[in-house]
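Read the structure below first, then the notes.
The values are calculated or read from the model by the stated rules, or taken from the named source; none is laboratory data. Fair warning: this is a prediction, and the values are worked out from it, not measured in the lab. Ideal geometry is used to build each Cβ from the backbone, glycine not excepted, and the neighbour counts take in all protein chains shown.
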Amino acid sequence: MLVAPADVKREGPAGRLLVGFSPIPRLRLPFPSLVVASRDDPYVEIERAEAFARGWGSEFVDLGRAGRINVASGHGAWPMGRVLLNRLVRRVASHAQKTERKLVRAVGVEPTLLSEPDFESGASTSFTTPARLRRSEGWSS
């Protein structure tokens, strides 16, 4: 989830702050993603944020006139952000299941889930590959 991506080519003071972040990658992301932007963000015009989303293959959400989307501008805990993130997490999980099914068909071995995702705490999900597949592919343990 990319919230309020800043435009490194923006004119004026906002743009000068971003020079060191240039260039912005424009390649399609290999996973589901979401770009959220505001119509009156001083760091990116809405059309440019939407172009970033198209380039990255991301879903795009226009929040209207929400200003700069951050805590300092009053967004606080941002319940709408949590809703958007949860929706994206469901899309990512679906994408992962489809990818796993392709892996199983291609290799014939199912990965083993070591832990369930815990998005509230920030803990990550990890997978392991059976030892025989690691050996056959030349992977180290």
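Among G108, G74, G67, which is the only one that is surrounded by 14 or more Cβ atoms within 10 Å (Cβ to Cβ), at pLDDT 55 or above and not aliphatic (A, V, I, L, M)? Quick ask: steps written out before the conclusion?
On the way: G108 fails: surrounded by 14 or more Cβ atoms within 10 Å (Cβ to Cβ); G74 fails: surrounded by 14 or more Cβ atoms within 10 Å (Cβ to Cβ).
On inspection, the qualifying residue turns out to be G67.
Tell me, please, whether a residue that is small (G, A, S) and surrounded by 17 or more Cβ atoms within 10 Å (Cβ to Cβ) can be found in the range 18-33. Talk me through it step by step, then tell me what you get.
Just the residues of the range 18-33 that are small (G, A, S), to begin with: 20, 22, 33.
Remaining after also requiring surrounded by 17 or more Cβ atoms within 10 Å (Cβ to Cβ): 33.
There is at least one residue in the range 18-33 that is small (G, A, S) and surrounded by 17 or more Cβ atoms within 10 Å (Cβ to Cβ).
Could you tell me whether any residue of the range 43-58 is over 18 Å from the mean Cα position of the chain (by Cα) and among the acidic types (D, E)?
Yes - at least one qualifying residue is present in the range 43-58.
List pairs: first in the range 69-96 and more than 19 Å from Y43 (Cα to Cα), second of a type in the set (A, V, I, L, M), Cβ under 6 Å, 6+ apart or cross-chain?
The qualifying pairs are L85/M1; L88/M1; L88/L34.
For the range 29-62, what are the residues that are part of a loop (DSSP other than H, G, I, E, B) and closer than 30 Å to T99 by Cβ?
Narrowing the range 29-62 to residues part of a loop (DSSP other than H, G, I, E, B): 29-33, 38-45, 57-58.
Residues satisfying the conditions are L29, P30, F31, P32, S33, G57, S58.
Using the structure shown, decide if R48 is modelled with pLDDT of 90 or more, surrounded by 15 or more Cβ atoms within 10 Å (Cβ to Cβ) and basic (K, R). Full working, then the answer.
Details: modelled with pLDDT of 90 or more: yes; surrounded by 15 or more Cβ atoms within 10 Å (Cβ to Cβ): yes; basic (K, R): yes.
So R48 fits the description; yes.
Would you confirm whether any residue within the range 85-95 is small (G, A, S), assigned to a helix (DSSP H, G or I) and on the phi > 0 side of the Ramachandran plot?
Here is the first cut: in the range 85-95, the residues small (G, A, S) are 93-94.
Filter again for assigned to a helix (DSSP H, G or I), leaving 93-94.
In the following step, the residues that additionally are on the phi > 0 side of the Ramachandran plot were identified as none.
Scanning the range 85-95 turns up no residue that is small (G, A, S), assigned to a helix (DSSP H, G or I) and on the phi > 0 side of the Ramachandran plot.
Which pairs have Cβ atoms under 6 Å, sit 6 or more apart or on different chains, and link a residue in the range 22-46 that is more than 14 Å from G67 (Cβ to Cβ) to one that is of a type in the set (S, T, N, Q)?
What qualifies is S33/S58; L34/S58; V35/S58.
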